[in-house]
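Q: Before I ask anything, here is the structure I am working with.
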Amino acid sequence: AEGNAVAAEACYTSPVLFVVDAEGNQIGKYGYDGTTMQELDGYEGTYANGTDTLVLDGVKNVVLNGVAGTYAKAAEGAAYTFDVYADGSYYEVTVDKSAMTYSINKPFVTITFDTNGYATVEAVTVNKNIAIELVTPENANYIFRAWYADAEFNQIVDTNYVPTETCTLYAKWDEKVT
C-alpha cells in the first residue's frame, strides 16, 4: 500500500508497486503482468472518448468499454499510440495523457483472391491483424495446393491467415492426373 512499509514477499504479487527513497521521493512504478513485475509505461489510468472509456493498467492489460483485452506500444513511427486487442477485434488507439482522452480506429483490409481463372473466390474485407480461415477453392480439372502472397509462388500463406494490409493472394494449382 502506498505510504506503508510492505514485506518483500507481498511485493511479488502486488498488482502495482511504488518504490520510494528514504526521503519519500518516488523512484519507480511497477505493475505485475501475471509473471513478473514490469516498469509501468506511464499511460496507466482511465481515458475518455465521449461516454466510452479505456482503462490501461500500465503493463499490458486494457479494459475497453467494459471488455478486457491487451495492449502494446505501437511500432516506431506509427500515427497512433497502442495496438489494442479486445473481444476478438483489433484497434489502433491514440491517447492524450494530459487530457486523459483517446481516439480509436478499427482498421479493415481487403483481401482479393487470384485463382488464375480456375475458380471464383470473392474478395473479403476483414479486421486487420485478426486471423481468418482462408477458403479452399475447387475445380473439376485442377487440384488446389495453397495460397501464396506472390504470383511467383515463393511465399506460401497459412490457411489461418493474419492480414496486416490490403493484399492479393494467389492460388497455386496442379492439373489432375486421370
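Q: Roughly how many whole Å is it from the C-alpha centroid of segment 125-140 to that of segment 146-166?
A: Between the Cα centre of segment 125-140 and that of segment 146-166, the gap is 10 Å.
Q: Right, something else. Starting with the highest mean, order 118-126, 39-47 by the number of other Cβ atoms within 10 Å, averaged over the residues of each peptide.
A: 39-47, 118-126
Q: Oh, and also: Relative contact order, percent, of the chain when contacts are C-alpha pairs under 8 Å separated by at least 6 residues?
A: 12 percent
Q: Any idea how far apart D21 and V55 come out in nm if each label point goes 7 Å out from Cα toward Cβ?
A: Computed distance between label sites D21 and V55 equals 3.4 nm.
Q: Quickly work out the I130-to-A151 label distance, labels modelled 7 Å from Cα along the C-beta direction, and quote it in nm with one decimal.
A: 3.2 nm
Bear in mind these aren't lab numbers, they're just calculated from the coordinates by the rules spelled out. As the structure is a computational prediction, the values presented were derived from the model and not from experiment. As a convention, Cβ positions derive from the backbone with ideal geometry for all residues, glycine included, and neighbour counts pool all protein chains shown.
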